[in-house]
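Encoded as structure tokens, the structure appears first; notes follow it.
The values are calculated or read from the model by the stated rules, or taken from the named source; none is laboratory data. Here the structure is a predicted model, which means the values were calculated and not measured. Virtual Cβ from ideal backbone geometry, glycine too; neighbours counted across all protein chains shown. Ligands, DNA and RNA are excluded from the accessible area calculation, which covers all protein heavy atoms including side chains. Shrake-Rupley method; radii C 1.70, N 1.55, O 1.52, S 1.80 Å.
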Amino acid sequence: MKLQLLLHTEQYAGSVLLGIYNSRGNAEMARDVYLKEDETNDPKSLQIIEVSMNEKPDWNFTNPSLQEFYKNSLVS
């Protein structure tokens with residue numbers, strides 16, 4: 001199962017998970033609503049990242065915020 005994560009990333013604060021969606025379309029609509037509600041946000045600070053729920057994380061990706069998300073979610 002593929003899920004879409006909506007992340008808000010700032011250099012000084014890291015990444016904050018805003019939502020988890022079952023389709024890219026839903027994640028894009030949520031991003032648009034978020035941008036409309038708070039016009040001070042830079043559209044570049046919002047990312048939609050696809051992750052798989054049934055597979056092991058792929059550690060060979062280049063997105064550092066997704067790598068941090070996986071590392072933090074595996075800590076118990």
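General observations
- L66 vs. criteria surrounded by 15 or more Cβ atoms within 10 Å (Cβ to Cβ) and at pLDDT below 80: yes
- Considering each residue of segment 30-41 in turn, at least one proves to be modelled with pLDDT of 80 or more and of a type in the set (F, W, Y).
- For segment 30-54, a residue qualifies if it is touching a residue at least 12 places away in the same chain (Cβ under 8 Å) and charged (D, E, K, R), and the qualifying residues are R31, E50.
- Enumeration of residues in segment 1-26 that are assigned to a strand (DSSP E or B) and closer than 21 Å to N54 by Cα: K2, L3, Q4, L5, L6, L7, L17, G19, I20, Y21
- Residue that is most open to solvent (accessible area, probe 1.4 Å), among those in segment 5-28 that are within 14 Å of the chain's Cα centre (by Cα) and among the hydrophobic types (A, V, I, L, M, F, W, C): I20
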